[in-house]
1. Treating cross-link reach as a plain straight distance, find the lysines whose alpha-carbon is under 29 Å from the alpha-carbon of residue 249, omitting any fewer than eight places away in the same chain.
2. Within segment 214-240, name every residue whose backbone N is under 15 Å away from a label modeled 7 Å from Cα of residue 43 along the Cβ vector.
3. So for 149, 307, 13, fewest C-beta neighbours within 10 Å to most, what's the order?
4. Once a ≥ b ≥ c are taken as the square roots of the eigenvalues of the Cα gyration tensor of the chain, is the result rounded (a/c under 1.5), prolate (a/b larger than b/c) or oblate (a/b not larger than b/c)?
5. Could you tell me how far the Cα centroid of segment 18-63 sits from the Cα centroid of segment 338-407, in Å?
6. Assuming 1.306 mPa s and 10 °C, estimate D for segment 130-201 with Stokes-Einstein, Rh taken as the Kirkwood radius over Cα pairs, in µm²/s.
7. Which chymotrypsin sites (Phe, Trp or Tyr not before Pro) in segment 14-102 pass both tests, a DSSP loop state and at most 14 other beta-carbon atoms within 10 Å?
8. If Lys and Arg each add +1 and Asp and Glu each add -1, what is the summed charge of the other residues whose beta carbon sits under 12 Å from the beta carbon of residue 92?
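Please treat every number below as a calculation from the coordinates, not as lab data. Keep in mind that what you see is a predicted model, and the values were worked out from it rather than measured. Positions of Cβ are backbone-derived with ideal geometry, glycine not excepted, and every protein chain shown enters the neighbour counts.
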Amino acid sequence: MLFGTILILFIIEFLSWIKYKDLLCPAVLHNVLWIISILFLVNFEASSGIKTIAFVTIICGSILFQVAFSLGTKLKVGNKKQPFTYKITVNQQTTKVLIIVLLIVALPEIYQYVVYLRGSGISIYYMLRYAEDEINLPRLFDYYRKTVEFFFLAFLTLYLKMDTKKKLQVKKYIIILFIIAALAVASLPTRNSILFFMLPLVIIFLINGNASNRKIAFVGIIVIIVFMVFFYLVSLSKYWYIYDDAASKITVIKDEIATYLSGSIIAFGTTITQHAFSYNGQNTCRFFIAVFDRLFGTSNALDLVQEFVTIGNNITTNVYTFYDFYLRDFGVLYALLAQGIVGVIHGCFYKGMNKGKPVMIFGFSMLTYPLIMQFFQDQYVSLLSTWLQVIIVAFVVFKTNLFFKCEPIYINEEFSASEDL
């Protein structure tokens with residue numbers, strides 16, 4: 001069933017490429033990591049124990065995503081008129097205030113780096129971890145880290161669309177925001193956090209530059225190399241005791257990569273028939289339950305950290321692919337329904353991105369991260385609080401004139417109302 005699944009996914013991928021011929025298209029990207037992760041299953045003896053229903057779910061989900069994505073591209077996105085370009089101007093005063101506020105709030109991060117510089121004899125990873133523990137920042141600071149990243153990416157989206165002369169007015173703000181955002185990412189160094197920031201950043205540049213498929217492929221290879229270097233450095237620091245005891249560091253990192261790519265599928269395949277899947281929406285509605293818990297002092301929300309299962313010799317994991325999060329609520333059909341909804345959303349944003357709408361470019365770039373992480377775990381509803389931050393930042397930056405005024409320009413027309421943004 002393993003090789004049959006790979007063959008079917010390859011066929012779906014080929015047909016998707018024939019239809020869209022765009023390496024940034026979610027329909028093309030969707031199967032790439034699924035195929036790679038299943039290919040790496042050959043490194044695990046435990047892969048023979050994966051239930052057929054797991055492979056069938058992945059295949060059906062892939063087909064349903066393609067159909068739903070196509071439907072999403074046909075839905076109406078904004079006005080039918082296509083702007084020729086956009087006139088973008090910056091509100092200097094409010095932007096300065098925002099930068100000052102974000103800098104002030106960033107002081108704990110700066111202090112964290114001071115603590116890191118004082119460290120000696122330990123890895124950078126643990127220096128930053130110890131600094132984080134020493135500062136003991138409130139939970140709200142985690143939201144600040146993400147918010148400043150999203151502000152930078154939203155500002156960058158508009159900056160790249162501005163006239164060359166007007167860019168000079170914004171360039172200093174973009175640089176400062178990038179520094180703060182980079183500190184926010186580096187202050188809590190995890191592989192997923194760097195990917196969540198790096199991917200949208202690269203996508204925004206590629207879209208703005210109207211990159212060809214050849215350039216997208218080249219940049220993609222560079223991104224993979226950079227991420228793998230970061231992956232190795234974090235693994236070397238986080239699991240130093242494994243590397244110290246190993247005869248070959250290369251063997252350890254190979255096993256680590258294989259586990260990262262395929263461990264979730266093995267876990268999903270071996271546990272899919274072991275759960276009652278009767279959470280009755282507690283996963284899907286977890287965010288709202290957590291808010292209720294915070295308001296009324298209860299503890300009904302499920303823990304996002306799942307139980308660990310063994311997938312090989314002394315290898316455990318607690319991630320189970322995109323589908324498990326929804327399977328535990330109402331079963332396989334519900335998980336496939338979730339995949340269909342996700343496909344429609346990606347289709348809508350892809351269509352809006354191709355129309356050049358700044359807010360859709362921003363949204364499209366942000367959604368690339370959960371799309372490619374489907375082989376690993378759900379990053380849609382499970383990160384609903386994060387996506388609410390994205391929505392709030394998008395509304396403030398793109399739908400108000402608080403920091404930027406963005407007016408669509410049509411051929412043979414003056415200016416139209418900015419609600420087409």
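1. Result set, ordered by chain and number: 238.
2. Those under the cut-off are 228-229, 231-233, 235-236.
3. Numbers: 149 26, 307 10, 13 20.
Final ranking by Cβ density, sparse to dense: 307, 13, 149.
4. Details: a/c = 1.62, a/b = 1.21, b/c = 1.34.
The shape class here is oblate.
5. One Cα centre to the other: 23 Å.
6. Once the numbers are plugged in, D ends up at 119 µm²/s.
7. On the way: sites: 14, 17, 20, 34, 40, 44, 55, 65, 69, 84, 86; in loops: 44, 84.
Answer in residue order: 84.
8. Net charge in that neighbourhood comes out at +4.
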